[in-house]
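I have placed the structure first, in the form of structure tokens, so that the comments after it can refer back to it.
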Amino acid sequence: MRVVAPVTVVPRKRRGVELALMIFALGLTLGAYALVDINVTGELSSAFPYVAGICTLLAALTHIAVRWRIPYADPVILPCVILLNGLGLVMIHRIDLINDPPLNGARQQLIWTAIGVLMFILVVAWLNDHRPLQRFTYTIGLAGIVLLLLPLVPGLGTEKFGAQIWIHIGPYSFQPAEAAKVLLAIAFASYLVEKRDVLALAGYRILGIDLPRARDLGPILVMWLISLAILVWQRDLGTSLLFFGLFVMMLYVATERAGWAVLGTLLFAAGAYFGYLNFSHVRARVGAWLDPFSNFDLYYQVINAQFGMAWGGLLGTGLGLGRPGLTPLARSDFIAAAIGEELGMTGLMAAIMIYGLIVARGLRVALQVFTIIGGVTRLLPLTGLTTPFMSQGGSSLVCNWIVAGLLLVISHQVRKPAATVAPINPDVEQTQLVKAGA
């Protein structure tokens, strides 16, 4: 009797699909950039050919790196990242043109994009397998916590907009929390892979929900205390929410126990209430969420954003035809409001759907986008976080390109075919390899 070996399904590399999507993303970006120039100034700027050339070169380098080092990576993530980064560049350029003479925010963002792409290529080239990082779980976690608390060092950290989250070294400023988020996400994942069986054990059952055992509460209590420290000393509601929410959601995904999510929500609610009672800027953000029109002087940023999106309506005013500069920080924290004004709710929802494609592969990005756009649209209180890939800011953009590289590395490891050894027995047919879609 002949024994038939099992069939091994090999995913297609899909690099051609990725290239086609990247060309489409570049076309949308450069077309929107040109449209801004024409609508605002009546002609293409002299810098447009250079912008087009640099954007095309950077996109080509990322594609070559992926094709070379991680050929089985997901073909959708990179084009989505390029489109979001390009859309952010277009909106920053549009806001630059409001001023006379125009500002150079788009040029700075393009430089930071180039640095982010370089970091992306380094991650892809050096770390084509994420699993060895598990050996450094606690070292990476400690480094992340140190970076997170670095702005509290006297003489190093500075306060902006009521939060002490920046460090200054000479003429340069940096948000170490952006890098800390990447390191802590890696540390959380490594820790949960190692401890998931223990943390999944159920303790008391209350109202139909299995709560974790008391002896296993240490990790979540430590994360809760650190998030409270960020809220109290750095007065940074957004990072506190993102940091603790990231850990709780990863804990839920790893253990599939609703009790962890319930407990985490209750703990954060207690911490948020403490912050509301003790910090005026937290109360101001809650007030801007619940009733912004009660105090125009205090809540004018949210009010202007609401008016801008209302003016844009469903289809928007058109690129270069709105007035997004009336909203403070339109190029960074409130860039989603600028998109909603000039591209309408249709354009804003399209951007959210692009994030959704990335969200399906990376929960960390999902949480950040939800908290940011939720604050701009008054679904949640303002958090002060930047919109990934679109908002102006070097530290955020570079770190998000690193996250994109890690997501692609992980997807490559998941999709690539496992090595098989051909059977020696002549009565056993050779293992069959069948190509499948992505």
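The values are calculated or read from the model by the stated rules, or taken from the named source; none is laboratory data. Note that the structure is predicted; figures quoted are calculated from it, not measured. Don't worry about glycine lacking a Cβ; one is built from the backbone with ideal geometry, like all the others, and counts go over all protein chains shown. Note: areas computed on protein heavy atoms with side chains; ligands, DNA, RNA excluded. Shrake-Rupley method; radii C 1.70, N 1.55, O 1.52, S 1.80 Å.
Table for the structure above
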item: Tabulated pairs, segment 324-337, first over 19 Å from TYR355 (Cβ atoms), second among the aromatic types (Phe, Trp, Tyr) and not in a helix (DSSP H, G or I), C-beta under 9 angstrom, 6+ apart or interchain; result: PRO324/PHE334; THR327/PHE334; PRO328/PHE334; LEU329/PHE161
item: Residue, most open to solvent (accessible area, probe 1.4 Å), within segment 32-59, restricted to residues that are assigned to a helix (DSSP H, G or I), of a type in the set (A, V, I, L, M) and more than 14 Å from GLY86 (Cα to Cα); result: ILE38
item: Breaking point among (1) open to solvent by 40 Å² or more (accessible area, probe 1.4 Å); (2) in contact (Cβ under 8 Å) with a residue 60 or more places away in the chain; (3) not in a helix (DSSP H, G or I), for ASP100; result: (2)
item: Residue within segment 329-346 that is assigned to a helix (DSSP H, G or I), among the hydroxyl-bearing types (Ser, Thr, Tyr), open to solvent by 40 Å² or more (accessible area, probe 1.4 Å) and over 30 Å from TRP233 (Cβ atoms) present; result: yes
item: Residue tally, condition under 20 Å from LEU122 (Cβ atoms) and either open to solvent by 30 Å² or more (accessible area, probe 1.4 Å) or not in a helix (DSSP H, G or I) (or both), over segment 73-97; result: 2
item: Residue check, ALA350 assigned to a helix (DSSP H, G or I), hydrophobic (A, V, I, L, M, F, W, C) and modelled with pLDDT under 85; result: no
item: Residues of segment 237-253 that turn out to be open to solvent by 10 Å² or more (accessible area, probe 1.4 Å) and closer than 16 Å to ASP333 by Cβ, as a count; result: 2
item: Residue match in segment 298-314 (condition: out of contact with any Pro (no Cβ under 6 Å at 6 or more places or on another chain), more than 20 Å from ALA338 (Cβ to Cβ) and not acidic (Asp, Glu)); result: yes
item: Total residues in segment 279-297, condition surrounded by fewer than 12 Cβ atoms within 10 Å (Cβ to Cβ) and assigned to a helix (DSSP H, G or I); result: 6
item: Unique residue being more than 23 Å from GLN413 (Cα to Cα), among the charged types (D, E, K, R) and open to solvent by 50 Å² or more (accessible area, probe 1.4 Å) when the list is ARG135, ARG107, ARG131; result: ARG107
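Condition check ((1) under 17 Å from the mean Cα position of the chain (by Cα); (2) farther than 26 Å from ALA60 by Cα; (3) at pLDDT below 85) across all residues:
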| position | (1), (2), (3) |
| --- | --- |
| GLY88 | yes, no, no |
| ILE111 | no, no, no |
| PHE136 | no, yes, yes |
| TRP166 | no, yes, yes |
